[in-house]
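Okay, so here's the structure we're looking at.
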Amino acid sequence: MASRRLVGLVAALALLVPLAACSDSSVMHMRVGQCIVLPEGETATTVETTGCTREHDAEVFYVTSADDGDFPGEVELNKQAESVCIANFEDYVGSSYLSSSLDATWMIPTKDSWAHSDRAIVCLARPLDHSSLKATVKKSGL
């Protein structure tokens with residue numbers, strides 16, 4: 001069995017800037033079914049969204065909130081994200097995580113965005129080989 005690499009992306013506080021021709025979305029306001037182009041760096045405030053029939057890197061398959069309280073740290077948030085993302089993968093994709101040709105990754109709050117009430121854990125499905133997608137992964141069985 002090929003080994004899987006789970007990757008957590010750290011999401012930063014998004015400052016909303018109105019741009020008429022822009023297809024960027026705040027990482028704090030992602031929703032299930034959005035198809036995105038992943039950011040270049042490890043932290044991001046916005047991601048480029050696109051239609052799922054256009055070339056994209058990943059699709060949002062689950063969104064939840066981390067527990068309130070003090071910032072638990074990146075390690076703890078990644079543990080929470082891994083648990084909820086793997087647990088909800090099959091319901092969206094239509095195949096088990098272990099048999100899928102897709103991997104799970106996620107975006108989590110940073111310490112700075114946590115201070116501004118960001119608690120979003122955003123689960124993303126993407127090809128194991130990091131190739132591009134050209135269709136939705138919802139119920140695809142990939």
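Residues of the stretch 47-78 being assigned to a loop (DSSP other than H, G, I, E, B), closer than 15 Å to Ile121 by Cβ and open to solvent by 80 Å² or more (accessible area, probe 1.4 Å), which ones?
Selection gives Asp67, Asp68.
If a residue has to be small (Gly, Ala, Ser), under 20 Å from Lys139 (Cβ atoms) and not in a strand (DSSP E or B) to count, how many in the stretch 96-125 make the cut?
Pass one, the stretch 96-125, residues small (Gly, Ala, Ser): 96, 99-101, 104, 113, 115, 117, 120, 125.
Subset that is under 20 Å from Lys139 (Cβ atoms): 96, 99-101, 104, 125.
Applying the additional criterion that residues be not in a strand (DSSP E or B) yields 96, 99-101.
Residues in the stretch 96-125 being small (Gly, Ala, Ser), under 20 Å from Lys139 (Cβ atoms) and not in a strand (DSSP E or B): 4 in total.
Residue check: is Tyr92 surrounded by 13 or more Cβ atoms within 10 Å (Cβ to Cβ) and more than 11 Å from the chain's Cα centre (by Cα)? Let's see the steps before the verdict.
Values: surrounded by 13 or more Cβ atoms within 10 Å (Cβ to Cβ): yes; more than 11 Å from the chain's Cα centre (by Cα): yes.
Yes, satisfied.
Name the single residue, out of those in the stretch 101-141 being free of Cβ contacts under 8 Å to residues at least 40 places away in the same chain and out of contact with any Leu (no Cβ under 9 Å at 6 or more places or on another chain), that is most open to solvent (accessible area, probe 1.4 Å).
At the first step, the residues of the stretch 101-141 found to be free of Cβ contacts under 8 Å to residues at least 40 places away in the same chain are 117, 127, 129, 131.
Cutting the leftovers down to out of contact with any Leu (no Cβ under 9 Å at 6 or more places or on another chain) gives us 117, 129, 131.
Numbers: Ser117: 91, Asp129: 115, Ser131: 48 Å².
The qualifying residue most open to solvent (accessible area, probe 1.4 Å) is Asp129.
Of the residues in the stretch 82-104, how many are in contact with a helix residue (DSSP H, G or I) (Cβ under 8 Å, 6 or more places away or on another chain) and among the hydroxyl-bearing types (Ser, Thr, Tyr)? Reasoning before the result, please.
Residues of the stretch 82-104 that are in contact with a helix residue (DSSP H, G or I) (Cβ under 8 Å, 6 or more places away or on another chain), as a first pass: 96-97, 100, 102, 104.
Applying the additional criterion that residues be among the hydroxyl-bearing types (Ser, Thr, Tyr) yields 96-97, 100.
Result for the stretch 82-104: 3.
The values are calculated or read from the model by the stated rules, or taken from the named source; none is laboratory data. Keep in mind that what you see is a predicted model, and the values were worked out from it rather than measured. Because the Cβ atoms are built from the backbone with ideal geometry, glycine has one as well, and the counts that use them run over all protein chains shown. Please note that ligands, DNA and RNA were not included when accessible areas were found on the heavy atoms of the full protein model with its side chains. Shrake-Rupley method; radii C 1.70, N 1.55, O 1.52, S 1.80 Å.
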